[in-house]
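Quick notes on the structure that follows.
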Amino acid sequence: MKAGVSDKKYYKIGEVCEITDLKQHVLRYWESEFKKFIKPHRPSTNQRLYRRCDIDNILKVKKLLRDEGYTIPGAKKFLSEGKDFEVRDPSGAADDPKKFVADLKEELVAIQKLLKKE
């Protein structure tokens, strides 16, 4: 997220782009794909006005698609099932960080040895 979010009631599409580090066409496309989750208010001027909850949902979609590698249908399913959004570390690194670092060092040493042989 590039810029902080103030306590405004509504944000214009340009402001949301700056906050989320996304292009306008991406926001408009995601709005069409994730109709249940991204619903900007459209007054008589027909200008998109996003609320804080819309921005939060956009950031969730961005994390699922860009960081977690979900497809659009997969992200829709994930969001519609209301799963816990926190991504858990399947390696268990959070359980024992010292062991994780030690294992990582071992792997790096093994990689260094392989590279030296070449």
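Given the condition in contact with a Lys or Arg (Cβ under 8 Å, 6 or more places away or on another chain) and either farther than 24 Å from Tyr11 by Cα or in contact (Cβ under 8 Å) with a residue 12 or more places away in the chain (or both), answer yes or no: does some residue in the range 53-64 qualify? Explain how you work it out, then say what you get.
Restricting attention to the range 53-64, the residues satisfying the condition of being in contact with a Lys or Arg (Cβ under 8 Å, 6 or more places away or on another chain) are 54.
If we keep only those that are either farther than 24 Å from Tyr11 by Cα or in contact (Cβ under 8 Å) with a residue 12 or more places away in the chain (or both) as well, we get 54.
Yes, the range 53-64 contains at least one residue that is in contact with a Lys or Arg (Cβ under 8 Å, 6 or more places away or on another chain) and either farther than 24 Å from Tyr11 by Cα or in contact (Cβ under 8 Å) with a residue 12 or more places away in the chain (or both).
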* Looking only at helices (runs of 4 or more DSSP H) that fall completely inside the range 1-68, which ones have 3 or more residues that are at pLDDT 95 or above, on the phi < 0 side of the Ramachandran plot and not assigned by TED's automatic domain parsing to the domain that holds Lys83? -> none
* Any idea which residue in the range 5-27 is surrounded by the most Cβ atoms within 10 Å (Cβ to Cβ), counting only those that are charged (D, E, K, R) and farther than 14 Å from Leu49 by Cβ? -> Glu18
* Report whether or not Lys116 is modelled with pLDDT of 80 or more and farther than 28 Å from Ile13 by Cα. => yes
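The values are calculated or read from the model by the stated rules, or taken from the named source; none is laboratory data. Worth saying up front: this structure is predicted, and the values here are computed from it rather than measured. Cβ: placed from backbone, ideal geometry, glycine included. Neighbour counts: every protein chain shown.
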